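The values are calculated or read from the model by the stated rules, or taken from the named source; none is laboratory data. In this text the structure is predicted, and so the values were computed from the model without any measurement. Positions of Cβ are backbone-derived with ideal geometry, glycine not excepted, and every protein chain shown enters the neighbour counts.
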Amino acid sequence: MTKRKSINNLKRIKLLLLDVDGVMTDGGMYYSESGVELKRFNVQDGYGIVKIVEKRAEELGITEVYQNVQDKGEVYRSIKKKFALKDEQIAYIGDDEFDVDVLKCVGFSAAPANALPVVKKHVQYICSCTGGNGAVREVIDLLFTMLR
């Protein structure tokens, strides 16, 4: 666990946004013999929040799922507006260059231990766990600890 900046602002967080590939998964792509894409999710990450992305989201009760997003900033602003939230009320976990713009905006930003160096420079918290191996659970536990 690496603390980069003060994380006292965690009590304001009302929404946690997650990148999937490299954060909720180990970033690997697996294919069945018939060519179906499979993703490996860590059950501990899922348990912390209460197959393929939509199926896993459905299992976890996640209602907002955006796939194949080219501009994460645009989707971020849309979600922020939809739920009438301010930047400081949103947390985001990302691992790749495509996540940096959103990581710079949110009230709390985190990255798995194996995130790209350019991402680690822009987050408040670097997990001790890697993507797909408990990073999401680590951040969720941190958020719950601050709420107690």
Sole miss for ASP71 among (1) of a type outside the set (Phe, Trp, Tyr); (2) modelled with pLDDT of 90 or more; (3) surrounded by 15 or more Cβ atoms within 10 Å (Cβ to Cβ) is condition (3)
Among (1) buried (at least 17 other Cβ atoms within 10 Å of the Cβ); (2) in contact with a Cys (Cβ under 7 Å, 6 or more places away or on another chain), there is one condition ASP87 misses while meeting the rest; what is its number? (1)
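For (1) farther than 24 Å from LEU60 by Cα; (2) within 12 Å of the chain's Cα centre (by Cα), each residue gets a yes or a no:
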residue	(1), (2)
TYR92	no, yes
ASP101	yes, no
SER109	no, yes
HIS122	yes, no
CYS129	no, no
MET146	no, no
Search segment 57-79 for residues being of a type in the set (D, E, K, R) and within 14 Å of the chain's Cα centre (by Cα), and hand back the single one that is farthest from LEU16 (Cα to Cα). LYS72
So, of the residues in segment 8-20 that are part of a loop (DSSP other than H, G, I, E, B) and crowded, with 18+ Cβ neighbours inside 10 Å, which turns out to be modelled with the lowest pLDDT? VAL20
Tally, over segment 31-67, of residues that are at pLDDT below 75 and over 17 Å from GLY132 (Cβ atoms): 2
Does segment 126-138 contain at least one residue that is more than 21 Å from PHE41 (Cβ to Cβ), modelled with pLDDT under 95 and surrounded by 13 or more Cβ atoms within 10 Å (Cβ to Cβ)? no
